[in-house]
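Chemist: This is the structure I have questions about; it appears just below.
The values are calculated or read from the model by the stated rules, or taken from the named source; none is laboratory data. Computed from a predicted model, the values in this text were never measured in an experiment. Glycine also receives a Cβ, built like all others from the backbone with ideal geometry; neighbour counts cover every protein chain displayed.
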Amino acid sequence: MRQDQDVISVDGLRKQYGSVVAVDEVSFKVHAGEIFGMVGPNGSGKTTTIECIEGLRRPDEGAAQVLGLNPWEDTRELRERTGIQLQSANLPRRMRVEEALDLFASFYSQSCDWNHLLEDLGLGDKRKAYFSQLSGGQQQRLFVALALINNPEIVFLDELTTGLDPRARRAIWDLIGDIRERGTTVFLTTHYMDEAEHLCDRVAILDHGRIIALDTPTRLVNQLGMATRITFSLNGRNLVSANETNGKSFNPARIGALDGVQRVELHGDKVTVYGQGESLIGAVVSSLESECVPFRDLRTEEADLEDVFLALTGREIDD
């Protein structure tokens, strides 16, 4: 399949539960061979959207095609060609890894050699282990193995790394990259913006059931025109209180007036300065020192998808 070919096409998808509109006129396309991410806070409609596309839920309105098939009418054929890892999944505690793989392989007319799959996923020494004996990261890798056992053309991964520690998350990230290298298109949902930025070729940002932005992570960030974020604290003092040493107070307007500064935010005793320009950091530090304002823990970061979401919605993703 050509990489410029669309393998998923969604047009005007809408799903409502009582008075709550979970998915509201969502439209997008996914290209063959890409890692496509749908990101947004919990409750934004990600899982409902992906379950409609998978054929697990029927939308109230709209149309979708997956590999040229209707997900609500061509269910059996679509199951043979796609793999699904659900947001909430479980197996019997006393089921062995190899038993789960044998069971899931029996669901398909064709399946891969799961012995090689286990080795590729770092579970080769766990084939005899009970599901209850696996760590959280190992359980997630097993669910990925079950989603890949039929050599799918597309694999759907819904909130794959939720609840995992940082090390396990990184291991899963490497695994997703390996899946794409196999030639499989990956559609994932996540509420971790750093995960989407690290993994995805393109990202759709969902909020209140609507897509509010869709592009590559780099382009979404560049559209902000906000290349740098500087954060620092004022030794635990309230930001607007008088400096006890010289009677001066920290004035955000002085920082905001500097060349290249676009926005100054205050959170408790923490200051965040957004802006761009090669001289931005030096100008901020010089301004603080000239006003004899004590500060600590100064750090600089590049703008990211969290900033995109904040700029588009006026709130942080976990608010």
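Chemist: Of all residues in region 172-194, count the ones that are of a type in the set (A, V, I, L, M) and more than 23 Å from residue 8 (Cα to Cα).
Modeler: The number of residues fulfilling the criteria is 1.
Chemist: Would region 126-137 turn up any residue that is in the same structural domain as residue 55 (by TED's automatic domain parsing), closer than 23 Å to residue 38 by Cβ and either surrounded by 16 or more Cβ atoms within 10 Å (Cβ to Cβ) or touching a residue at least 60 places away in the same chain (Cβ under 8 Å) (or both)?
Modeler: Yes, region 126-137 contains at least one residue that is in the same structural domain as residue 55 (by TED's automatic domain parsing), closer than 23 Å to residue 38 by Cβ and either surrounded by 16 or more Cβ atoms within 10 Å (Cβ to Cβ) or touching a residue at least 60 places away in the same chain (Cβ under 8 Å) (or both).
Chemist: Quick check on my filter: what residues within region 96-114 are within 10 Å of residue 149 (Cα to Cα) and not in a loop (DSSP other than H, G, I, E, B)?
Modeler: Listed by number, the residues that qualify are 101, 102, 104, 105, 114.
Chemist: Right, residue 147: modelled with pLDDT under 90 and either surrounded by 15 or more Cβ atoms within 10 Å (Cβ to Cβ) or out of contact with any Cys (no Cβ under 7 Å at 6 or more places or on another chain) (or both) or not?
Modeler: Here the answer is no, as residue 147 does not meet what is asked.
Chemist: Go through region 191-212 and give me each residue that's hydrophobic (A, V, I, L, M, F, W, C) and farther than 14 Å from residue 304 by Cα.
Modeler: Scanning region 191-212 gives 204, 206, 211, 212.
Chemist: For region 116-173, how many residues meet the condition of being among the β-branched types (Val, Ile, Thr) and assigned to a strand (DSSP E or B)?
Modeler: Total meeting the criteria: 2.
Chemist: Looking only at region 11-51, count every residue that is more than 25 Å from residue 175 (Cα to Cα) and either without any contact (Cβ under 8 Å) to a residue 40 or more places away in the chain or part of a strand (DSSP E or B) (or both) and tell me the total.
Modeler: 19
Chemist: Filter region 34-46 for residues that are modelled with pLDDT under 95 and surrounded by fewer than 21 Cβ atoms within 10 Å (Cβ to Cβ); which is farthest from the chain's Cα centre (by Cα)?
Modeler: Among those residues, the one meeting the criterion is 43.
Chemist: Name every residue in region 260-319 that is of a type in the set (Phe, Trp, Tyr) and touching a residue at least 60 places away in the same chain (Cβ under 8 Å), in order of residue number.
Modeler: If the condition is that a residue be of a type in the set (Phe, Trp, Tyr) and touching a residue at least 60 places away in the same chain (Cβ under 8 Å), then 295, 309 are the ones that fit.
Chemist: For region 266-279, indicate whether the set of residues that are touching a helix residue (DSSP H, G or I) at 6+ places or on another chain (Cβ under 7 Å) and either under 17 Å from residue 194 (Cα atoms) or assigned to a strand (DSSP E or B) (or both) is non-empty.
Modeler: The answer is yes; a qualifying residue exists.
Chemist: Of the conditions (1) in contact (Cβ under 8 Å) with a residue 12 or more places away in the chain; (2) surrounded by fewer than 16 Cβ atoms within 10 Å (Cβ to Cβ); (3) among the small types (Gly, Ala, Ser), residue 106 clears all except one; give me its number.
Modeler: In the conditions (1) in contact (Cβ under 8 Å) with a residue 12 or more places away in the chain; (2) surrounded by fewer than 16 Cβ atoms within 10 Å (Cβ to Cβ); (3) among the small types (Gly, Ala, Ser), residue 106 misses (1) alone.
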